[in-house]
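Scroll down for the structure; my scribbles are underneath it.
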């Protein structure tokens, strides 16, 4: 099974249909389960409000992506046409290696969940959070637990353990990237798997996995777009980043208004069965939102929880990682029109 991921779905823990003794954990998908509005019959492509404030014709924006992620999102919404700059895409298995590449200067920008920037910040990585997304967390899990270290699923696991009076000492974590986690879970080598959609839907449809508890009240459903400091200090590249953030915002709004069209497009790109793709899309309520004090505070609370659990080496000042200069383009493009 290929490494799959939606533009930003929340992590989840899934368990087999047979009861898993002990740990009760949550599978957090990117939205409400089953209650999402029906997809629009119209799949008109949106336009982006605002324009770059500098000439971007000579810019090549190097973007880190994940399978069936931002590129698939923008393409489905028709927002990769007539770009005023060039995009060079690079694929990553999850957020932590993407941010390693960002810190190394190999890419200019990329999107991750909420935990990767905390781990990167604790390691002194040079990254800047420039945009945020928020979703309604839903999601599932046992003793041997598969999870991608430093991913948003890692925090989901930490929060679920704490909510049930447990710690990491009460489980055996198996740190695996998504494709390896799916293989281990399918083969019965772990009792539970903390993961995000579409893996959640695949596990439910293909292995009989069940969600034991979702992420409501445990995780904030945050995702972020991070940029390299050097890209932000280059006027032309910063202008391209502004346009890119606006396109992501508009494309995500488009998916909520055009669920049928998005499901068909995403299933094809991700190599997902149509039923699994639909489950994932119907759970998705993700929207890009301006970075405000509440988002910074939520992310700081998560960083402090990782520190208290001994999972990061030092305190992370989230406010120092944030640049709010693109909040206006998020606000201007937050609808699907």
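The values are calculated or read from the model by the stated rules, or taken from the named source; none is laboratory data. Quick caveat, the model's predicted, so the values are computed rather than measured. FYI the Cβ positions are ideal-geometry reconstructions off the backbone, even for glycines, and counts take in every protein chain you see.
The table that follows gives values for the structure above.
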quantity	calculated
Test result for residue 58, more than 13 Å from the chain's Cα centre (by Cα), part of a loop (DSSP other than H, G, I, E, B) and closer than 22 Å to residue 263 by Cα	no
Given (1) assigned by TED's automatic domain parsing to the domain that holds residue 252; (2) modelled with pLDDT of 85 or more, number of the condition residue 48 does not satisfy	(1)
Candidates 278, 283 - the one that is surrounded by 15 or more Cβ atoms within 10 Å (Cβ to Cβ), in contact with a strand residue (DSSP E or B) (Cβ under 7 Å, 6 or more places away or on another chain) and at pLDDT below 95	283
Any hit, region 111-119, residues being surrounded by fewer than 17 Cβ atoms within 10 Å (Cβ to Cβ), more than 11 Å from the chain's Cα centre (by Cα), touching a residue at least 24 places away in the same chain (Cβ under 8 Å) and at negative phi	no
Any hit, region 91-102, residues being under 22 Å from residue 233 (Cα atoms), in contact (Cβ under 8 Å) with a residue 12 or more places away in the chain and not in a helix (DSSP H, G or I)	no
Tally of residues being touching a residue at least 40 places away in the same chain (Cβ under 8 Å) and either surrounded by fewer than 15 Cβ atoms within 10 Å (Cβ to Cβ) or in contact with a strand residue (DSSP E or B) (Cβ under 9 Å, 6 or more places away or on another chain) (or both) across region 286-308	10
Single condition residue 310 does not satisfy, out of (1) part of a loop (DSSP other than H, G, I, E, B); (2) more than 20 Å from residue 75 (Cα to Cα); (3) modelled with pLDDT of 90 or more; (4) touching a helix residue (DSSP H, G or I) at 6+ places or on another chain (Cβ under 8 Å)	(4)
